[in-house]
Amino acid sequence: MGSPGADGGGLASGRALALIARRAVAIVAWACASSALAQPAPHYVGTAACTTCHTKEAEAWRGSQHAGAMAEANERTVLGNFADARFTAHGVTSRFFRRDARYYVRTDGPDGKPADFEIRYTFGVYPLQQYLVALPGGRLQALGIAWDARPKAQGGQRWFHLYPDRKLAAGEPLHWTGLDQNWNYQCADCHSTNLRKNYDLATRSYQTTWTDLDVGCEACHGPGSRHVGWAGRDAGARAADATRGLTARLDERRGVTWAIDAATGSAARSTPRATAREIETCARCHARRGQFDDRWHAGDPLGDAFRVATLEPGLYYPDGQQRDEVYVHGSFLQSRMNAKGVTCSDCHEPHTGKLRATGNAVCGQCHAPSRFDVEAHHHHKTGSPGAACASCHMPTRTYMVVDPRHDHSIRIPRPDRSVALGTPNACGGCHAREGAQWAADAIARWFPARKPGFQGFAETFAAADRGAPDLRATLASYAGDRTQPAIVRASAVERLASRPGGEGTAAIVRAAGDPDPMVRAAAARALRNAEPAVRARTLTPLLSDPIRDVRMEAARSLVGEPERSLGETQRAKLATALAEIDAALAFNADRPEAHADRGSLALARGDTDAAIAAFGRALELDPTFAPAAVNLADVQRALGRDGEAIAVLLRAIRADPRAAAPRHALGLAYVRQKKRPEALAALSEAARLAPDNPRYAFVYAVALHDAGRTKESMAVLQGALAQHRYDRDLLSALAAYSARGGDADAAAGYERRLSELRP
């Protein structure tokens, strides 16, 4: 499976030529650059080629998590108990054993029946180790049972299930044999070096290759062939090449000093950080991101192969604290440390991966211990857990059952926000019994004149996520404030998308010219439903953006009506960007999301046959993928094929009985067929399964009212309004139904609340 030859061939020269074509570089510039373009493209040489010269770095790396990211299963690498150990979870007993010096597990397989599977690879080292099993089609699958590598005194040295609260059966995406536990797509890119997925849609199989099975030197430094060539030259030739043949110069700390200011106790960088090369190199794997190309290497712009998630509800709390498994990049981008020029390796030694100093000493590099590492500052006994800088400023959240991860937004504790917004706070980690108000009172006593902290957007984002009115100006202010981190500006832009018109749309249009590609891409997404003329005028220039993610997002928002107003040159640029989208979707053709995306693009361009085919392929890959089922059913309905639409939705419900969207769509289909009992049953179940979706409750309530069940209808509306106080549909229905029922006071109250929501 591994292959040193998987180095991408002519990648760099092809990328350079594309860049020249996009920017229309003059013939003179082409001539000047010809000697550079004539160089062979850099290729991967493997970690072994680096260690002969870089012995000190290699020795440090060998003990790192990177070196143990993935390995062949053998006595040196396997940590788990395979001495005929048994583990039972969700009614399935799995047995871990050895046979002929190999490692096996007997557990439920793709058909739900017990069978023996060989462990081919270990995955990770600490605090847990996972195991990979080979299945047909070149697939490697991650077992749902992992080994707790922590010491026994900490609860480790045991087998445990990664989904202890959810019973997973064969056929479900999260079952170890399922789509969402597939190593080739989900895990491989970050655990091996020069990983090429090589998925073939026609055969639905993988020919995945790599240069190094683990995270080796070139994962961070880029393909090393030119550097090896540079090292073999004479001293004069080496001195003449400032790049040393490297594709990524991770030198942003070189020559930089940090001097602690006596007045503040905190340090300032001697020169501003002008680039983000190191941070983006780390972000490739330490970010919540989507991938659309595997030819990327260190030194390339991150947005040429990845889209980093913004501070989206569900991923982050409204104050920016980590919620879902977002890793660290998005958190760090919002931090004061990032704004001041700190890089990852200021705190972490890059080859060992360990902190540059232990405990509070790593923070003491920039924050005077005499001012901050004292009880007068942290108000805890010296040496206690509460006196640790990270306990208060980088609280942990546990993922994968046993893996606590520090929040890298590096913020001051705000239990007052926990009281007001329901967000977590660092104090609660140790003082859960006392509660958030107790902690807020304590901090107010300790710091009566304290500052609110670097991240000030919590109240605005929380209100926006609840649907509160009158936020256009505030969100527009965040979106346009260049002193705010780019991830905050982008997150504000995305929240403006649901508040079109006036100042909201104007702010999004301005964001399309932001210097940061994350903000420009967010603006392109936020304008997807804007007036066609606004989209054409604003987004056409982004088709020439230097970052691929921005170009693709602009193209997605231009397809359909806006593209019909484009001139010949603009159409050509759109075609180029659409070709990039097509390549990205082909790269991810092993995922239903890619085919659903292709279907949506086809619909926007009026090609219903292509849309039906694409949605169908998505459901073939994953019958539980509800968005594809709902979209396919909607196309069938539009074509007058109600029977086929209902059949699609019923299959989706059988595949995933917990999915609300297909039930809601099925209820609407039954309404159109005047099958009231069936419609009410489906709409009721959709509203029950998705209480966070006010639309489902509204539609169910209307159906109840139309069936003459007014009392039940009002109860559903009032219950939903208690959760979604700003929802206009709920308020409108309550006002109308109250008026019809003769309750003029209640109707007037709902009308008053409605008027407060109108711009």
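Going highest first, how would you order 231-237, 466-472 by mean Cβ packing within 10 Å?
Per-residue mean Cβ counts within 10 Å order the peptides as 466-472, 231-237.
Let me see the pair-distance distribution of the stretch 510-550: every alpha carbon pair, 10 Å bin width, integer percents in order.
Per 10 Å bin, starting at zero, the Cα-Cα P(r) for the stretch 510-550 comes out as 33, 60, 8 percent.
Fewest Cβ neighbours within 10 Å first, please rank W176, W258, W159 accordingly.
The order, fewest Cβ neighbours first, is W258, W159, W176.
Straight-line reach only, C-alpha to C-alpha below 19 angstrom: list the lysines that K451 could link to, leaving out same-chain residues fewer than 8 apart.
K340
Each residue of the stretch 291-306 in turn: what ³J(HN,Hα) in whole Hz from Karplus with 6.51, -1.76, 1.60 and θ = phi - 60°, glycine and Pro shown as x?
Karplus-based 3J(HN,Hα) across the stretch 291-306 equals 10, 10, 6, 10, 8, 5, 9, 3, x, 7, x, 4, x, 7, 9, 9 Hz.
For K56, go through the lysines and keep the ones whose alpha-carbon is under 27 Å away, minus same-chain ones fewer than eight residues off.
K354
What order do you get for W147, W230 when you list them from fewest to most C-beta neighbours inside 10 Å?
Arranged by neighbour count, lowest to highest, W147, W230 become W230, W147.
Among [x] 170; [y] 379; [z] 200, which is the computed volume of the Cα convex hull per residue in Å³?
Only one option fits the structure, namely [z].
If you take the Cα Rg of the stretch 558-669 and divide it by 2.2 N^0.38 Å, with N the number of residues, what do you get?
This ratio for the stretch 558-669 stands at 1.17.
Okay, helix-only estimate at 222 nm for the chain: each DSSP H run of n ≥ 4 adds -39500 (n - 2.57), divide by all residues, round to 500 deg cm²/dmol; what do you get?
-12500 deg cm²/dmol
What does the extension gain come out to for S565 and D165, with contour length at 0.36 nm per residue minus their alpha carbon separation?
The span from S565 to D165 would gain 138.7 nm if fully extended.
Could you tell me what a quarter of the Cα convex hull surface of the stretch 70-191 works out to, in nm² with one decimal place?
Mean projected area of the Cα convex hull: 7.4 nm².
Name the lysines eligible as straight-distance cross-link partners of K167: C-alpha to C-alpha under 28 Å, and not fewer than 8 places from it in the same chain.
K113, K152
Please get the size of the charge dipole for the stretch 470-590, origin at its Cα centre, with Cβ charges of +1 on Lys and Arg and -1 on Asp and Glu, quoted in debye to the nearest 20.
Roughly 220 debye for the stretch 470-590.
If you take the beta carbon distance between N81 and M400 as r and set R0 to 22 Å, what does 1/(1 + (r/R0)^6) give as a FRET efficiency, to the nearest 0.05?
0.70
Where a number appears in this text, it was derived from the coordinates with a stated rule and is not lab data. Fair warning: this is a prediction, and the values are worked out from it, not measured in the lab. Methodologically, a virtual Cβ is constructed for each residue, glycine included, from the backbone with ideal geometry; neighbour enumeration extends over all protein chains shown.
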